[in-house]
1. If I model a spin label as a point 7 Å beyond the Cα along the Cα-Cβ vector, how far apart are those points for R151 and S135 in nm?
2. Based on alpha-carbon centroids, what's the gap between the range 135-169 and the range 19-63 in Å, whole number please?
3. Rank these for me by crowding, W97, W175, going from fewest to most other beta carbons within 10 Å.
4. In the range 31-84, which trypsin sites (Lys or Arg not before Pro) are in a loop and have at most 13 other Cβ atoms within 10 Å, using DSSP for the loop call?
5. Given the C-alpha atoms of the range 12-60, compute the convex hull and give its volume per residue in Å³.
6. For the range 100-112, take each phi angle, set θ = phi - 60°, evaluate the Karplus expression 6.51 cos²θ - 1.76 cosθ + 1.60, and give the result in whole Hz per residue in order, putting x for glycine and proline.
7. For T61 and E34, calculate 0.36 nm times their separation in residues minus their Cα-Cα distance, and state this gained length in nm to one decimal.
8. Need one word for the range 1-100: rounded, prolate or oblate. Basis is the Cα gyration tensor (sqrt eigenvalues a ≥ b ≥ c); a/c below 1.5 gives rounded, then a/b vs b/c decides.
Amino acid sequence: MQQGPATTPARRRRADAERNRARLITAAQRAITETGVRVSLEQVARDADVSIATLYRHFPTRDALIEAVYRQAMSSLVDAASRLSGERDAVAALREWLLLFVDFLDTKKGMSEALGTLIGGTGALYGESSARLASAAAELVGRATRAGGIRPDVEPLDLLRALGGVANVSPDPDWKRSATRMVDVLINGLRDRTAVLPRRSGAAVPSGEGASSPKGKA
């Protein structure tokens, strides 16, 4: 009976600490996406409504915070695959997840320089995330294939590489809009030609998509 009152404050402190950590990661992810990894840690603490001392208790270095943001973004994307598989039409679920993958690339692009010097750069951290993302993509592609919604020869990693290429190669600061359009191009190419592509609210469908215009023709 004496243990209850003693454990309640401890549990409350743990809950407060977990909540503060989550708020710091959310604030840091938003700031990094908007301004890059050089964002002021004091500003991150203010945005999370905690003290700078609290930030440093959770994340002793800037690199520790950046790694936490990356891991959280990746875990959220992986979790979304399972959620969408259970709640949505198979092809719509795949399309929605690829759009979320574009958002993930946006976060990653904002801290790519810092990630390159973190725990061996593209070693352990990227290896772990690549395996988890490949598994999540395979889950959704497999479900869409079994449902007959897309062709059976689709390689999940090809979809991720195509979108990653837009993010990594394009010099256009508005690359995210191009990547979002690419999602619809990919899905449209994988579906039965008679299927109707789901429209994303507010997104324009490029005219003449898939048509070719030979050069030199008057």
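A short reminder: the numbers here are calculations on the coordinates, not readings from a lab. Values in this document were obtained by computation on a predicted structure and should not be read as measured data. Every residue, glycine as well, gets a Cβ built from its backbone with ideal geometry; the counts of neighbours run over all protein chains shown.
1. 2.9
2. 33
3. Fewest-to-most Cβ neighbours within 10 Å comes out as W175, W97.
4. Sparse-neighbourhood loop trypsin sites (Lys or Arg not before Pro): R38.
5. Normalising the Cα hull of the range 12-60 by residue number yields 60 Å³.
6. 5, 5, 4, 4, 4, 4, 5, 5, 5, 4, x, 10, 4
7. Roughly 7.7 nm would be gained on extension.
8. Cα axes put the range 1-100 in the oblate bin.
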